[in-house]
1. Looking at A:Val348, A:Val314, which is the one that is more than 25 Å from A:Ala227 (Cβ to Cβ), crowded, with 18+ Cβ neighbours inside 10 Å and modelled with pLDDT of 90 or more?
2. Could you list all residues from the stretch A:224-246 that are closer than 19 Å to A:Val400 by Cβ and either in a loop (DSSP other than H, G, I, E, B) or among the polar types (S, T, N, Q) (or both)?
3. Evaluate the stretch A:321-330: report whether one residue or more is buried (at least 19 other Cβ atoms within 10 Å of the Cβ) and free of Cβ contacts under 8 Å to residues at least 60 places away in the same chain.
4. I'm told A:Leu14 meets every condition in (1) in a helix (DSSP H, G or I); (2) within 7 Å of chain B (Cβ to nearest Cβ); (3) free of Cβ contacts under 8 Å to residues at least 24 places away in the same chain except one. Can you identify the failing condition by its number?
5. Consider only pairs whose beta carbons are under 7 Å apart and that are at least six residues apart or on different chains; among these, list those whose first residue lies in the stretch A:119-146 and is within 30 Å of A:Val159 (Cβ to Cβ) and whose second residue is surrounded by fewer than 24 Cβ atoms within 10 Å (Cβ to Cβ) and polar (S, T, N, Q).
6. Mind checking which pairs have a first residue in the stretch A:401-418 that is within 18 Å of A:Thr263 (Cα to Cα) and charged (D, E, K, R) and a second that is modelled with pLDDT of 90 or more and exposed (fewer than 14 other Cβ atoms within 10 Å of the Cβ), Cβ under 9 Å, 6 or more apart or different chains?
7. So which of A:Asn355, A:Asn304 is in contact with a strand residue (DSSP E or B) (Cβ under 7 Å, 6 or more places away or on another chain), of a type in the set (S, T, N, Q), in a loop (DSSP other than H, G, I, E, B) and farther than 18 Å from A:Ile88 by Cα?
8. For the structure I just gave you, tell me whether A:Gly53 is under 49 Å from the mean Cα position of the chain (by Cα) and without any contact (Cβ under 8 Å) to a residue 40 or more places away in the chain.
Amino acid sequence: MNKPIRRVSVFCMLLVLALMIRANWVQGLDASALNANVHNKRTVIEAYSYPRGDIIVGGTSVTKDLLVNGNYYKYRRAYVNGPMYAPITGYSSQAFGSNLLENVEDPILSGNDPRLFFRNALDTLTGKQKQGGDVVTTIDPKVQQAGWDGLQGKKGAAVALDPSTGAILGLVSFPSYDPSSIAGVTSDFASNWKKLTADPDQPMLNRALRATYPPGSTFKLVTAAAALETGKVTDIDASTDSPDPYILPGTNNQKLVNEAGDTGCLNASLNAALAMSCNTVFGKLGAEIGQQRMLQEAQKFGFNNSSMTIPVGVTASNFDTTMGPAQTAQSSIGQFDTRATPLQMAMVAAAICNNGTLMKPYLVSEERSASNSVISQTSPTQLSQATTPDVAAKLQTMMVNVVKNGTGTTAQIPGVEVGGKTGTAQHGVNNDQNPYAWFVSWAKFGGKQIAVAVVVEDSDTARGDISGMHLAAPIAKSMMQAYLGK
Amino acid sequence: MTAVESRAVAWAPQGPAPVRRNTELSLLVFAALVPVLAYAETGLALDGRLPAGMLGYGLGLGSFVLLAHLCVRRFAPHADPLMLPIAALLNGLGLVFIWRLDKARELHPNYPAAQNQLLWSGLGIALFIVVMARLKDYRRLQRYTYLSGFAALLLLAAPAFFPVRAGDFGARIWIHLDGFSIQPGEFVKILLPVFFSGFLMVKRDALALASRRFLGLYLPRGRDLGPIVVVWALSLLILVFETDLGTSVLFFGIFVVMLYVATERTSWVLFGVLMAGLGFWAVAHTEGHVRGRIDEWLHPLAAAPGAGVGQIGQALFALGSGGALGTGLGQGHSWLIGFAAKSDFILGTIGEEIGVTGVIAVLLLYGLLAERGLRTALAARDPFGKLLAVGLSAAFALQVFIVVGGVTGLIPLTGMTLPFVAQGGSSVITNWALVAVLLKISDLARRPAPGEPLQPGTPP
């Protein structure tokens with residue numbers, strides 16, 4: 001019987017060998033895939049087993065880490081002034097992942113960035129608890145607060161930039177939500193999450209960066225820039241050859257009319273047309289400049305850029321790449337398929353204010369290690385030369401005129417040079433919903449500059465009163481005042 | 001064990017082996033020390049201090065194994081010196097891992113089990129001592145051939161007549177009495193080899209007769225197919241009525257291995273594998289429970305909506321996160337496995353906290369224990385002893401393969417305990433008894449034959 005017994009021994013050894021090979025397979029070859037599996041809670045448990053770094057606004061942190069010693073998780077993220085800063089911080093949740101800065105700056109905030117390697121190794125050796133690094137934002141809390149207060153009770157967004165650097169001073173979206181309310185895993189957090197994601201008002205939508213609106217008349221700034229650059233218009237105060245109403249080219253008597261009625265848009269000068277926001281003048285200019293040249297102009301101001309990050313990703317604004325002259329005319333007054341994020345329109349104002357140079361918007365000024373040594377610093381970079389200094393100067397003159405004598409008078413700040421442009425964009429099929437009220441502007445005072453774009457989607461104001469002038473401009477004004485101290 | 005050595009033993013089985021009781025004692029010191037140190041490390045990692053029960057635990061485990069050792073010295077002086085230390089080490093490590101999971105407040109529900117398991121281990125060692133002392137000659141077990149067979153049948157059939165509880169996950173492998181439950185499949189692991197040994201002893205010549213040669217194989221006579229068909233049918237009945245894949249495979253596997261050893265006919269193995277394959281295929285196509293297990297095996301990382309991955313997936317996550325060296329005792333998250341983390345899935349905790357290194361060490365211990373048992377079979381001088389030792393060792397090795405293979409996703413999972421390590425009273429008691437019987441066989445096999453000169457240094 002010994003021969004079969006020996007064979008059985010070999011068989012048993014093979015069984016054990018097979019198990020060993022399998023163990024190496026699972027624990028070696030497959031390990032990284034298993035560790036990265038979305039259902040493997042270990043990653044999240046590890047991430048909340050020590051405090052994350054801070055997101056800093058105006059010198060103080062707007063994030064906290066609560067030592068909760070929960071069943072799975074030791075720490076939970078919490079936010080100071082959560083709803084106001086939510087479009088900047090995003091959320092970091094044990095159950096629902098993360099977004100915005102909490103997501104893109106996670107390597108620093110979690111301390112896992114390779115640049116923190118030596119410090120982490122040192123902490124491990126000295127037995128210190130691991131800690132994440134800090135992210136310092138460019139946000140000015142006063143500007144942010146002004147925009148937040150202004151949007152209360154409305155629905156919309158406001159973005160403020162420093163035109164000379166591209167630093168984002170304010171990033172407001174309303175309605176908003178408190179990221180603290182979805183940071184945990186218990187049923188309260190889950191029901192908050194469910195409520196927020198089901199809310200028709202979309203409080204978790206970052207309207208400043210991730211929503212696009214038809215820019216309406218505010219887009220006339222881009223059309224004006226193209227008209228001046230191409231030489232279609234050389235003197236901003238000379239009459240143009242503009243019928244009222246303007247029959248869209250290539251259509252059977254389809255008319256482009258002016259919102260304000262017939263109050264002098266016929267053959268109006270570029271300056272006057274911008275002040276009165278004449279659709280006819282700019283529609284005709286756009287069609288004459290042509291689709292290709294208009295597209296080129298829009299792209300110089302930042303449209304159609306789907307890869308922009310600040311470092312949070314920004315939804316691309318759109319100017320159609322192929323269309324006929326009638327659509328080009330409509331697109332040139334910010335209708336048809338033209339769409340822009342509030343950040344995009346703030347960039348238009350900023351480029352004009354900064355003598356034609358468009359700086360790349362950025363939200364993070366510094367990344368720091370847990371011990372406050374600076375790991376990286378953002379230096380301002382130029383995104384494009386949107387227009388020439390000469391054209392920019394003319395646009396500035398016209399925008400100042402809008403605020404002084406035109407549709408933007410509600411944005412006047414005594415003693416401060418303010419330029420602006422209102423917009424009231426049609427919304428809905430056959431324009432049956434409340435239009436979007438826009439105001440884009442800039443202000444200069446005492447060496448400081450600020451560019452602001454505000455959009456108000458909807459509000460309880462009766463329809464006739466909705467206009468950039470009444471809804472959006474006062475918000476932009478208060479943000480500019482907050483920054484300039486006037 | 002080298003090949004040369006084993007051959008020498010096989011061809012000259014009468015050659016006396018050294019007694020090696022002192023080797024056993026020194027190995028036992030390690031076997032007790034390693035778990036105590038692991039216990040200390042776990043306590044330090046979880047609470048930042050040495051566990052309060054360390055002295056009691058160390059002394060308790062130490063005195064248990066010392067008692068067992070003294071018993072071996074007294075009743076089986078020539079027995080194999082490795083089996084007892086390996087069993088003690090595995091049992092001790094199992095207690096540490098169960099205690100570690102007792103401390104996981106994240107595990108719900110979490111009924112402290114280490115205390116009970118220590119008690120069961122004590123009872124297991126007590127049974128070990130009883131077997132040592134009372135079973136003067138294992139050959140007397142031959143008298144109970146049919147009684148064992150009957151008892152095994154009864155125990156196997158019993159769970160089918162008891163109501164299934166919600167927590168049993170579809171498998172009828174428990175008998176629930178008030179307060180505690182018994183897994184009768186475990187005891188069968190000893191009873192069946194006893195029955196098969198006795199039965200095959202008598203029938204092996206008839207079963208070895210071949211009717212004709214086919215493709216180089218001696219095919220058994222048609223009328224000799226009776227026993228294997230009966231065992232096959234019974235194992236299928238277990239599978240269908242108790243939905244217990246593990247016991248079914250184990251039951252049939254032991255029989256095929258012992259049949260092969262008894263008759264030395266490879267054709268029986270082929271028959272067995274063919275029949276098992278056919279039966280399994282048929283049941284897998286009709287039984288929802290078995291099919292579910294196979295689906296889970298094929299797609300361990302498939303997630304039910306809102307519920308995450310199943311237990312095998314969680315066990316794989318635990319193993320994967322352990323990597324080469326593990327997170328360290330007490331520092332893993334294997335409690336994510338949830339239900340049965342301390343019993344069927346305890347390998348997940350081992351893999352996570354002491355890594356693939358620890359898993360391989362544990363597998364080597366199992367392999368070594370099985371091989372010592374099979375070596376005992378080689379050395380045994382009587383066919384009953386040979387068959388019994390093969391049956392017990394193969395049962396042990398098969399069980400390890402079934403449970404570890406299931407938890408690591410190598411084969412479909414079947415509810416089985418990791419011998420000596422996993423939580424479970426029936427299991428630990430049976431395994432101690434199994435080792436005791438093997439030691440008894442080994443004692444007789446290594447004992448100098450009558451009239452043979454004693455080796456120098458061997459006590460009279």
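1. Details: A:Val348 fails: more than 25 Å from A:Ala227 (Cβ to Cβ).
Answer to the selection: A:Val314.
2. Narrowing the stretch A:224-246 to residues closer than 19 Å to A:Val400 by Cβ: A:224-225, A:227-228, A:233, A:235-238.
Selection gives A:Val233, A:Asp235, A:Ile236, A:Asp237, A:Ala238.
3. Step one: list which residues in the stretch A:321-330 are buried (at least 19 other Cβ atoms within 10 Å of the Cβ), which gives A:327-330.
Narrowing the set further to residues that are free of Cβ contacts under 8 Å to residues at least 60 places away in the same chain leaves A:327-328.
Scanning the stretch A:321-330, I find at least one residue that is buried (at least 19 other Cβ atoms within 10 Å of the Cβ) and free of Cβ contacts under 8 Å to residues at least 60 places away in the same chain, so the answer is yes.
4. (2)
5. Here the result reads A:Gly132/A:Ser110; A:Gly133/A:Ser369; A:Val136/A:Ser365; A:Thr137/A:Ser365; A:Thr138/A:Ser365; A:Ala146/A:Ser478, each pair linking the stretch A:119-146 to a residue that is surrounded by fewer than 24 Cβ atoms within 10 Å (Cβ to Cβ) and polar (S, T, N, Q).
6. Correct list of pairs: empty, since none qualify.
7. Numbers: A:Asn355 fails: in contact with a strand residue (DSSP E or B) (Cβ under 7 Å, 6 or more places away or on another chain).
Of the residues listed, the single one that is in contact with a strand residue (DSSP E or B) (Cβ under 7 Å, 6 or more places away or on another chain), of a type in the set (S, T, N, Q), in a loop (DSSP other than H, G, I, E, B) and farther than 18 Å from A:Ile88 by Cα is A:Asn304.
8. Details: under 49 Å from the mean Cα position of the chain (by Cα): yes; without any contact (Cβ under 8 Å) to a residue 40 or more places away in the chain: no.
It is false that A:Gly53 is under 49 Å from the mean Cα position of the chain (by Cα) and without any contact (Cβ under 8 Å) to a residue 40 or more places away in the chain.
The values are calculated or read from the model by the stated rules, or taken from the named source; none is laboratory data. Since the structure is predicted, the reported quantities are computational estimates derived from the model, not experimental observations. Virtual Cβ from ideal backbone geometry, glycine too; neighbours counted across all protein chains shown.
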